[in-house]
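The values are calculated or read from the model by the stated rules, or taken from the named source; none is laboratory data. Owing to the predicted nature of the structure, the values given are computational and were not obtained by experimental measurement. As a convention, Cβ positions derive from the backbone with ideal geometry for all residues, glycine included, and neighbour counts pool all protein chains shown. To get the accessible areas, we keep the full protein, side chains included, count just its heavy atoms, and leave off ligands, DNA and RNA. Shrake-Rupley method; radii C 1.70, N 1.55, O 1.52, S 1.80 Å.
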Amino acid sequence: PARMGLPALALLLAAGLLPTQASPPARSFQLDYEGNCFRKDGAPFRYISGSIHYARVPRPAWRDRLLKMYMSGLSAVQVYVPWNYHEPLPGVYDFAGDRDVEAFLDLTAELGLLVILRPGPYICAEWEMGGLPAWLLWKPDIVLRSSDPAFLAAVDSWLHVLLPKIKPRLYQYGGNIISVQVENEYGSYHACDYGYLRHLLGSFRALLGTEVLLFTTDGTQAWELRCGTLQGLYATVDFGPDSNVTEAFGAQRRVEPKGPLVNSEYYTGWLDYWGEAHASTSSARVAQGLEDMLQLGASVNMQVVSWQGAQPHRYMFHGGTNFAYWSGADFKDQYKPVTTSYDYDAPLSEAGDPTEKLFAIRTVISKFQALPVGPMPPSTPKYAYGRVALQKVSACPGACAVPAWHCPAAPRLSLSLQHANLLDVLDVLCPSGPIQSQFPLTFEAVKQAHGFVMYRTRLPRDVLDPATLGAPPHSVCDRGYVMLQQEYQGTLERDGQTTLRVTGREGDTLDVLLENMGRISFGANISDFKGLLGNLSLDSIPLSNWLIYPLAIDSAIQQGWPHTALPESSSQGRAGPAFYTGTFETPGIAWDTFVKFPGWSKGQLWINGFNLGRYWPTRGPQQTLFVPGSVLDGGRPNNITVLELEGAPSTPFLLFLDRPLFNKTLSRSTTRE
């Protein structure tokens, strides 16, 4: 009736006595155990996914990479969230710029991609310490990835910050996140702490709700699945194209007799370590393995783990770059640091270029589902800016023009350069001054997460005949550059050379610059302390009375140093740690490029304050560093800062190319436009 009051109308509606419009079905993403499949909004569903790490891709390139993944036929992307990338210090959070994970997730939704989220707290991913913050090791006896109350308190604090950002983006609430992984390959970790997994399950349920699909990922060995799975978490497996697909999914069926078959990490490439050959994986083999799984109706994510003994290695649909200090390391009989490039022979190259492997995968996908309409976006433009010569400050005290023949690809490049030994600028790099200690302290003890720490003492006596300066086994973590009276003596290395022969006078200054090459990201020993873990000795007599300088190099460079004020070096020698700085102008464009280091040894490169990562051409296989065009300024001079650790060439210069080099040969990952 027209005059019916609102309370009476509400009662009739509640009783179902008046007709109402049918409400739209609730959004859902669920497991169907009887149908052995996923169900999305009630209909059977199978995803084909690829992994991308937003932390390894500059934010201006996110859209390009995600669009190429979408146009490859992927229905979803798999995304890690590295805890240490967002909480650099306890209670200090950073979600701005390249770290804006919410913006990245919103972009995936805008482009029509679903998301499989892997927020850890441990992620591995060949990322520094597997994504766990180094400040956890401020408590030296903490047991990581366990029910240790100190670890759980830190995890809970982090999850209470992160997961509320995730919940509104879950599929059930209108977002595009269809499932969330809890921990990562926990079955491969020695702790096998079910209490820890139960605690995580409770936290994820409390913060994300009861409807979200939570899962685990482990290898196919029985011992991995025994310790990595838990009731309430759907168990998935990972394996590569060399595996027997039926046998591998049989392992999943032993722990999940019913439900969808899922390979959460199907590897598409291979891993590079410093000092080993650049690896690749056959496009045909990857494509055939993918087709075999899709014919079984399986859901697949292309990232994957390949196994060497009990060692997992991860690979990507698009890898990107380990900028700054974010590359991790493996430990298999010895410490094996990962290269700066995270290209890994992936379908999308480090620079985001489609490869032969991508098109082979796309062809397989087209057999099982329709591809998006339209062409694949092209490779990003590259530019060979050419040769940029570097000279010492005494040879070039002001701005000096480089002759045109120095840079044939960019005849208007110009350079001004200065040089200073690291020892001459300790007051700039450690403004708070050194820490005094009877014996060396670790990075963690002085609360330095990444980069470099200088250790200084004095010779206790005259050493007229060569004496042995030595370190206990496994106590140099990871490389120590030794100077005596500012003269470079050589390098001590973890699992390598641990002694040098030196001479000097009583009171001579001994400096050892320690470099953190990346904390171990997989295995039982991820509590990977850095620095001098034991005392150095001179002919077996321990040295004492150390001054320890935690170096804030990145902070200084981001504040304009050394381009604003670099003193002239007190030493004319080129050997040993030294800074080289300069500027170059591009010919009005800012395109992606690759920088080569002819004759250089090992070090770190910054352009316009952005830390592009480690170079090490003498060790290889990586010979170039990727420079995203977004780092460059096409209209102004670009500031270059190089920290060379062992020795620059007699005529130092950098060479900017339009393609990467691995193993001193052209990589397959990009082609000339």
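For segment 650-673, what are the residues that are under 22 Å from the mean Cα position of the chain (by Cα), at pLDDT 90 or above and over 28 Å from G576 (Cβ atoms)?
Within segment 650-673, R659, P660 meet the criteria.
Determine whether segment 63-80 contains at least one residue that is of a type in the set (D, E), assigned by the TED database to the domain that holds G319 and assigned to a loop (DSSP other than H, G, I, E, B). Don't jump to the end; show me each part of the working.
In the first step, residues of segment 63-80 are kept if they are of a type in the set (D, E); the result is 64.
The next check asks that each one be assigned by the TED database to the domain that holds G319; those that pass are 64.
The next check asks that each one be assigned to a loop (DSSP other than H, G, I, E, B); those that pass are none.
Looking through segment 63-80, none of the residues is of a type in the set (D, E), assigned by the TED database to the domain that holds G319 and assigned to a loop (DSSP other than H, G, I, E, B).
Checking S243 against (1) open to solvent by 10 Å² or more (accessible area, probe 1.4 Å); (2) in a strand (DSSP E or B), which single condition isn't satisfied?
Condition not satisfied by S243: (2).
With farther than 23 Å from R63 by Cβ, in a strand (DSSP E or B) and among the aromatic types (F, W, Y) as the only criterion, which of F579, F626, F594 stands out?
Testing whether each residue is farther than 23 Å from R63 by Cβ, in a strand (DSSP E or B) and among the aromatic types (F, W, Y) leaves just F579.
Scan segment 491-501 residue by residue and report those that are open to solvent by 10 Å² or more (accessible area, probe 1.4 Å), modelled with pLDDT of 95 or more and not polar (S, T, N, Q).
The answer is E493, R494, L500, R501.
Using the structure shown, decide if V92 is without any contact (Cβ under 8 Å) to a residue 12 or more places away in the chain and more than 25 Å from V627 (Cβ to Cβ).
Numbers: without any contact (Cβ under 8 Å) to a residue 12 or more places away in the chain: yes; more than 25 Å from V627 (Cβ to Cβ): yes.
For V92, the condition - without any contact (Cβ under 8 Å) to a residue 12 or more places away in the chain and more than 25 Å from V627 (Cβ to Cβ) - is met.
Consider segment 414-442. How many of its residues are outside any strand (DSSP E or B), touching a Lys or Arg at 6+ places or on another chain (Cβ under 8 Å) and modelled with pLDDT under 95? Walk me through it before giving the result.
Residues of segment 414-442 outside any strand (DSSP E or B): 414, 416, 422-434, 438-441.
When the remaining residues are screened for being touching a Lys or Arg at 6+ places or on another chain (Cβ under 8 Å), the result is 434.
Subset that is modelled with pLDDT under 95: none.
Total satisfying the criteria: 0.
Out of curiosity, is T564 at pLDDT 95 or above and polar (S, T, N, Q)?
Details: at pLDDT 95 or above: no; polar (S, T, N, Q): yes.
No.
Does N525 qualify as being in contact with a His (Cβ under 8 Å, 6 or more places away or on another chain) and within 29 Å of P82 (Cβ to Cβ)?
Numbers: in contact with a His (Cβ under 8 Å, 6 or more places away or on another chain): no; within 29 Å of P82 (Cβ to Cβ): yes.
Judged against the criteria, N525 is not a match.
Look at L67 and say whether it is more than 27 Å from L31 (Cα to Cα), out of contact with any strand residue (DSSP E or B) (no Cβ under 9 Å at 6 or more places or on another chain) and touching a residue at least 60 places away in the same chain (Cβ under 8 Å). Walk me through how you get there before you give the answer.
Values: more than 27 Å from L31 (Cα to Cα): yes; out of contact with any strand residue (DSSP E or B) (no Cβ under 9 Å at 6 or more places or on another chain): yes; touching a residue at least 60 places away in the same chain (Cβ under 8 Å): yes.
Here the answer is yes, as L67 does meet what is asked.
Taking into account only those residues within segment 446-485 that are open to solvent by 30 Å² or more (accessible area, probe 1.4 Å) and among the acidic types (D, E), which is farthest from N84 (Cα to Cα)?
Ranking the qualifying residues of segment 446-485, first place goes to D465.
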